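Visitor: Supplied in structure tokens, the structure appears directly below.
The values are calculated or read from the model by the stated rules, or taken from the named source; none is laboratory data. The shown structure was predicted, so the numbers you read here are calculated from the model rather than taken from an experiment. Because the Cβ atoms are built from the backbone with ideal geometry, glycine has one as well, and the counts that use them run over all protein chains shown.
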Amino acid sequence: MKPLSIARVNLVRFFRTRSAVFSVFLLPMLIVLLLGAMQGGASNPKLGYVSAGEDTFTLELFAILDGVDGFEVLEIEDEASAIRQVERGGLRAAVIVPAGFESTLRSGGDVEIGLVTRAEQEVQGIGDVVNAAITRQSILLRTARFATQKGAGTFDEALAVGEVAQETLPPVSVVATMAGEPFVLAGLGRFDIYAQGMLILFIFLTTLNGASHLIQARQLGVTRRMYSTPTPVRTMLAGEALSRFSIAIIQGGFIFIGTSLIFGVDWGSPIGATLTIIAFALVSTSGAMLLGALVSNDQQAGGISTALGLGLAALGGCMFPLAVLEMLSDTVYRVAHVTPHAWALEALQALVTEDAGVADIAGFLLILVGYAVVLGLLATWRLRKVLVR
Amino acid sequence: MGAAWTIARKDLKQRLRDRSAYIVGIVAPLGLALVFGFVLNPLSDFEFNATYAVADLDGGPVSRLFVDTVLANAEGIKVIEVASTDEAEALVDTEVSPLGGAGDTETADAAIIFPIGFSDDVQSERPVTIQVIGNQGSETNAGIAVALVEGYASELTSVRVAVATVENLVQEEVDRLAMGVEVLQTPNPVTLRDDTASTKQLDGVTFYAAGMAIFFLFFTVQSGITGILEERRTGTLARLLSSPITRSSVLAGKLLSSFVIGLVSMTVLFVATTYAVDADWGPPAGVALLILAAIVSALGLVSLLAGFARSAEQAAATGSMVGMVLGFLGGTFFDVSQAGGLLASLRFASPHGWFMQGLADLRSDDLGVVVAPVLAMVAFGVVTGAIGVARLRKGLRP
């Protein structure tokens, strides 16, 4: 079996280089780790608070903020670091309480509380939350001020009477419950979504990078030399394709097994995931063969494959999940589905979020095979001409 | 120095004829910046918007005040008024996007229900309750609805307490509704001030334009320096050294050509992304300093790797490996600064991280902020470059 021996030689040569081992095995795991760590496990936006003094009023306000659902509230040491964390994304917003909060209010003065958010657009939503907390706290202060204005009594008198009134009167209360379905991605673990994206990104990127091997073989005359032996072009093509495909499968399998063992990533049906990896490896192989056929300079191929590998991945939903693209814009979502990446991700996602079986993702797999066949035919047609030239 | 210029000029002419220089230096980063711009542009137009269903079964003055004033005046909130609790529930019992969905079917992020007799009950001293049903699919927007309603409930409690206090102090009944409105008009002693303008952040499009530019810079500058290894292999280096040209001139020439290629690539990307995708890199003087420092760091690193490599291929392979790791750690693909903790600090081990931080800090329009990133990148370049150049010099023997 000549194609097998061609592939075997190629594989041995490929994995002998340290950089290949790095980019096939280590880099994808490193990036999944990095992205997973960035998620930090919490999907709720973080709200920071800074106080210059720890008086009762300040602590009370923070306790109220702490009770708000949908936000994670944490204390930050000083204003500068709170602003820096908002700028650098650690916090969605920060609430800054000035020194002398309680004493200023007690002496009848007004206090401004600062709010720093990540972008202007978000002030509204988070502002509402903080405002509500402030309002809740200032019931008595406002009562005292109002009663004084009405001439009903002094500030302290009104504060004392108000306190009794607040304790005896039933408050206007709010009962909050939840309904509906959680967001599609909410059920996924912190590493899951990126593991899927990086699996697809790296299979395609690594395989496409392999196109330069094909070009080098042409440049160095390896293919011409082989042609002079009783080796038909189709055998050479099969051997080259098999090399690309095996590397894709080795990498895909490694990421699949590695992420589930190390990061506990849930891939759903293992057979479904395996079939998706195989189908996408076929697409990548065809893509690499086509690139190897069209470009005749291995350095150019390196640049093009890196750009295509990263660009198609970004478009196809490997870096920003498809569900997020769909929310952002219809056009972006549609363009995503021009890439094979999006279809592979649809299949992988269905396996996890919908507990889909092989039959349910058959449609996605067929589309992937379609990509592989079309790209493969184009590559073969072109390579038959250039391989022995 | 003349010889160095000649060598650099020759290298540059050669590179200009080679299409791969354009691909790695300009086409790839620009293409990726455009892709990221395309994907992320909708995000920069993103505004807070939420849809709340309201079932006002009461229809009295107190519930209308909330719907017609509080909700109507809030920015980005769309109200769907429905006649029954069931209808309101149906609207939230659906799947929506957590960013405030613009789906085809009508959905709401939360439903707010005022019970029958609400307005009367508030004016009496009976307990009253407003019901909020949040949509699980949009936890944050639902949380905001709860906060809004709780804010209003606190206002009402505040009115109740204030009115009762006044009644208690003056010992007579008052017109509770009229006085309630007066209480609501009394300004809250504590107010919120928006300090967001003081923050410095890169928008998504600029982030990726700059990120891709610096990421590919470390690949772009490789060709000139690793050219020494290539010339050693083909034997032209021996030929060069047999002429009256010093080793330093050869090295300087190679470094110079890499520098020029890096500078051209970064400048083209800076100008092109500014005009093509509206990237906003910041004041040109500050950007120029950061770019120059970044090139120094890239030259240093590539010299170091070339100094320890046996062949140009090996230098290129380790170069792309190290470039990838530093690029990812430095947060050129994903904003690692959001990670917080160790990861966020780790990016300062990479010149990429300093470059991105420098650009973000430039938002303040104060050129002084680039000093630290520039020094860090130059230091990185000088340290790695000194070792690398020393190694390369040793290898420069006929």
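Visitor: Just one of A:95, A:73, A:9 is over 30 Å from residue B:150 (Cβ atoms) and out of contact with any Cys (no Cβ under 6 Å at 6 or more places or on another chain); which is it?
Guide: None of the others qualify; the one that does is A:9.
Visitor: Among the numbered criteria (1) within 14 Å of another protein chain (Cβ to nearest Cβ); (2) at pLDDT below 80, which one does residue A:223 miss?
Guide: It fails just one condition, (1).
Visitor: Please go through region A:231-247 and pick out each residue that is without any contact (Cβ under 8 Å) to a residue 60 or more places away in the chain and not in a helix (DSSP H, G or I).
Guide: Within region A:231-247, A:232 is the sole residue that qualifies.
Visitor: Looking at A:283, A:332, which one is touching a helix residue (DSSP H, G or I) at 6+ places or on another chain (Cβ under 6 Å) and free of Cβ contacts under 8 Å to residues at least 24 places away in the same chain?
Guide: On inspection, the qualifying residue turns out to be A:332.
Visitor: Okay, moving on. Specify the residue that is surrounded by the fewest Cβ atoms within 10 Å (Cβ to Cβ); the eligible residues are those in region B:128-140 that are at the interface with chain A (Cβ under 7 Å from one of its Cβ atoms) and in a helix (DSSP H, G or I).
Guide: B:136
Visitor: Among the acidic types (Asp, Glu) and at the interface with chain A (Cβ under 7 Å from one of its Cβ atoms): does that describe residue B:150?
Guide: In short, yes.
Visitor: Does region A:158-181 contain at least one residue that is more than 7 Å from chain B (Cβ to nearest Cβ), surrounded by fewer than 24 Cβ atoms within 10 Å (Cβ to Cβ), modelled with pLDDT of 80 or more and under 31 Å from the mean Cα position of the chain (by Cα)?
Guide: Within region A:158-181, none of the residues are more than 7 Å from chain B (Cβ to nearest Cβ), surrounded by fewer than 24 Cβ atoms within 10 Å (Cβ to Cβ), modelled with pLDDT of 80 or more and under 31 Å from the mean Cα position of the chain (by Cα).
Visitor: Here is a further query. Considering B:75, B:81, which residue is within 13 Å of another protein chain (Cβ to nearest Cβ) and either over 30 Å from residue A:336 (Cα atoms) or assigned to a strand (DSSP E or B) (or both)?
Guide: Matching residue, one of B:75, B:81: B:75.
Visitor: Name the single residue that is farthest from residue A:98 (Cα to Cα) among those in region B:180-190 being within 7 Å of chain A (Cβ to nearest Cβ) and at pLDDT 80 or above.
Guide: B:183
Visitor: Name the residues in region B:219-264 that are part of a helix (DSSP H, G or I) and among the polar types (S, T, N, Q), would you?
Guide: If the condition is that a residue be part of a helix (DSSP H, G or I) and among the polar types (S, T, N, Q), then B:220, B:222, B:223, B:226, B:234, B:236, B:248, B:249, B:257, B:258 are the ones that fit.
Visitor: Hey, among the residues in region B:85-142 that are more than 30 Å from residue A:46 (Cβ to Cβ) and within 39 Å of the chain's Cα centre (by Cα), which one's modelled with the lowest pLDDT?
Guide: B:104
Visitor: Based on what the data block shows, is residue A:338 in the same structural domain as residue A:316 (by TED's automatic domain parsing), crowded, with 21+ Cβ neighbours inside 10 Å and of a type in the set (Val, Ile, Thr)?
Guide: no
Visitor: Which residue is nearest to the other protein chains (Cβ to nearest Cβ), if the candidates are limited to region A:316-337 and must be out of contact with any His (no Cβ under 6 Å at 6 or more places or on another chain) and small (Gly, Ala, Ser)?
Guide: So, considering only residues that are out of contact with any His (no Cβ under 6 Å at 6 or more places or on another chain) and small (Gly, Ala, Ser), the one nearest to the other protein chains (Cβ to nearest Cβ) is A:329.
Visitor: Sticking with this one: I'd like to know if region B:373-384 contains one or more residues that are under 29 Å from residue A:29 (Cβ atoms), part of a helix (DSSP H, G or I) and modelled with pLDDT under 85.
Guide: No, region B:373-384 contains no residue that is under 29 Å from residue A:29 (Cβ atoms), part of a helix (DSSP H, G or I) and modelled with pLDDT under 85.
Visitor: Just give me the residues in region B:74-84 being within 16 Å of residue B:149 (Cα to Cα) and modelled with pLDDT of 85 or more, in sequence order.
Guide: The answer is B:77, B:78, B:79, B:80, B:81.
Visitor: Sticking with this one: Just to be sure I understand, how many residues within region A:284-315 are at the interface with chain B (Cβ under 10 Å from one of its Cβ atoms) and part of a loop (DSSP other than H, G, I, E, B)?
Guide: Final tally of qualifying residues: 2.
Visitor: Looking only at region B:116-138, which residues are more than 30 Å from residue A:151 (Cβ to Cβ), touching a strand residue (DSSP E or B) at 6+ places or on another chain (Cβ under 8 Å) and not small (Gly, Ala, Ser)?
Guide: Across region B:116-138, the qualifying residues are B:118, B:127, B:129, B:130, B:131, B:132, B:133, B:135, B:136.
Visitor: Let me ask something else. Give the residue, chosen from A:83, A:113, that is more than 21 Å from residue B:159 (Cβ to Cβ), at the interface with chain B (Cβ under 7 Å from one of its Cβ atoms) and modelled with pLDDT of 85 or more.
Guide: A:113
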